[in-house]
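Engineer: Supplied in structure tokens, the structure appears directly below.
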Amino acid sequence: MPVNFFTEDISFSLKEKRKRKAWLKQLAQAEDNKIADLNYVFCSDEYLHNINVEYLDHNTYTDIITFDNSDEEGTIEGDVFISIERVKENAETLKIQLEKELSRVISHGLFHLLGYKDKSKTEASLMRSKEDFAINLFDEI
């Protein structure tokens, strides 16, 4: 399956890669989409900050940046960059397990590629419900 996991400038090993790939495929199929090429890059805060400045002209730190490379409706192609430092900090702040927060952020990137936004309160609420669904699905697989 065309889902890949990479690391840049950090030492990090994603657990349960096969399960995560199957989960992402299920999430995409539930939205009547297929994954053609989906890359997750786990990196440091600084690495992601540099991407944010260079490509989006945002001088802020974030946990995730998603680039949609899709040309065709219903086909997912994209690159998702995730700051592991930010995810760890978020998990501590929210007092949840790192793996659960990681699932939230990984699914968040996919949902952006599926067309979901999170700028308004209504959009953010829908995104949260999608993330909750995704986390529960991952736990069931």
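Engineer: Which residue, Ser107, Leu38, Leu56, has the largest displacement toward the positive end of the dipole of the stretch 3-140 when charges sit on each Cβ (Lys, Arg +1; Asp, Glu -1)?
Structural biologist: It is Ser107, whose Cα lies furthest towards the positive end.
Engineer: Any idea what the dipole of the chain comes to, in debye rounded to 20, about its Cα centre with Lys/Arg Cβ at +1 and Asp/Glu Cβ at -1?
Structural biologist: I would put it at about 640 debye.
Engineer: For the chain, with a Gaussian network of springs between Cα atoms less than 10 Å apart, report the residue from Ile84, Ile51, Ile35 with the top mean-square fluctuation.
Structural biologist: Ile51
Engineer: Here's another thing I want to ask about it. Starting from 0.36 nm per residue, how many nanometres of slack lie between Lys15 and Glu89 once their C-alpha separation is accounted for?
Structural biologist: The span from Lys15 to Glu89 would gain 24.8 nm if fully extended.
Engineer: Determine one quarter of the surface area of the Cα convex hull of the chain, which equals its mean projected area, and express it in nm² to one decimal.
Structural biologist: 8.4 nm²
Engineer: Over the stretch 1-133, calculate the relative contact order: mean separation of alpha carbon pairs under 8 Å at least 6 apart, over the residue count, as a percent.
Structural biologist: So the answer I get is 21 percent.
Laboratory data are not the source of any read-out in this text; all were calculated from the coordinates shown. The shown structure was predicted, so the numbers you read here are calculated from the model rather than taken from an experiment. In this analysis, Cβ positions are derived from the backbone assuming ideal geometry, glycine residues included, and neighbour counts consider all displayed protein chains.
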